[in-house]
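Here's the structure we're looking at; comments come further down.
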Amino acid sequence: MQTISKKTKADVLLHNDVPVLTYTIHYPSFTSTCSSVTAPAISQFYEIQSRQAEKYCREVLYPQAVENAMYAKDNEFPFHSYEFLSDYDVTYNEDCITSLYTDQYSYLGGAHGNTLRQSQTWDFQTGDQLNLTDFFPDVKALNNTIFQVIENDISNRMKDAPASYFDDYPHLIRGNFDMNAFFLKPCGLVIYYQQYDIAPYASGIPEFFFPFEDCTEDAASS
């Protein structure tokens, strides 16, 4: 079993005493009863990711925010401060397996922000990151099964909300499919698509649940 603690990098960056960018980066750190070696290595994976995110905020977003703030001031426009928020959700943590996703939300002063999701599923006994094919060994059957289930699910959803997905979703779910875009839950796994991949912004990040065959009622409700 893994014990997970939350770490945070955060700052408010100013230009001429005006806040132009606020960033908050939450990320996990692990200890595990499964191995004394793998947990520090996996924790380092997220430490490196957090440093990269912070560098992006300071070296990319901050100069953009300063430029836009100066332009807004020169042209007497309102300036909306930039925001970057990265947070994670642990969706499965049993025995030596932990699955989680991280949503990175960026607001750059427009009508709304955007969210990018990444996910990992770890075996803390070996230190390996698990792949979708670890749960669907037959790749051909994997594709056929996944796309058929997703198509049927979207078709049913569109009966209640016709504009919730793009019209060409049968093509888009195949063209924008990412083998790494999944995470575990107690009774199955969830495959997701990024914003705008297959649906408008209002639909958020579309998720599709695939239950395990040996799922029990108790596990499904947990």
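The values are calculated or read from the model by the stated rules, or taken from the named source; none is laboratory data. The shown structure was predicted, so the numbers you read here are calculated from the model rather than taken from an experiment. Cβ atoms come from the backbone with ideal geometry, glycine included; neighbour counts cover every protein chain shown.
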Response to the item:
By residue number, the members of the range 144-162 that are closer than 13 Å to Phe177 by Cα, in contact with a helix residue (DSSP H, G or I) (Cβ under 8 Å, 6 or more places away or on another chain) and touching a residue at least 24 places away in the same chain (Cβ under 8 Å) are Phe147, Ile150
Practice prompt. Specify the residue that is nearest to Tyr192 (Cα to Cα); the eligible residues are those in the range 97-124 that are among the aliphatic types (A, V, I, L, M) and touching an Asp or Glu at 6+ places or on another chain (Cβ under 9 Å).
Written response: Leu116
Discussion item. Out of the residues in the range 44-63 meeting the condition of being of a type in the set (Phe, Trp, Tyr) and closer than 16 Å to Tyr105 by Cα, tell me which one is surrounded by the fewest Cβ atoms within 10 Å (Cβ to Cβ).
Written reply: Tyr56
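If the requirement is being assigned by TED's automatic domain parsing to the domain that holds Ile48, surrounded by 13 or more Cβ atoms within 10 Å (Cβ to Cβ) and at negative phi, which of these qualifies: Tyr71, Tyr88?
Tyr88
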Discussion item. Would you confirm, using the coordinates I've provided, whether Tyr56 is farther than 20 Å from Ser99 by Cβ and either of a type outside the set (S, T, N, Q) or touching a helix residue (DSSP H, G or I) at 6+ places or on another chain (Cβ under 9 Å) (or both)?
Written reply: yes
Discussion item. Go through the range 91-116 and report how many residues are surrounded by 14 or more Cβ atoms within 10 Å (Cβ to Cβ) and either part of a helix (DSSP H, G or I) or out of contact with any strand residue (DSSP E or B) (no Cβ under 7 Å at 6 or more places or on another chain) (or both).
Written reply: 0
Discussion item. Being surrounded by 14 or more Cβ atoms within 10 Å (Cβ to Cβ) and of a type in the set (Lys, Arg) is the filter here; which residues of the range 117-153 pass it?
Written reply: Arg117
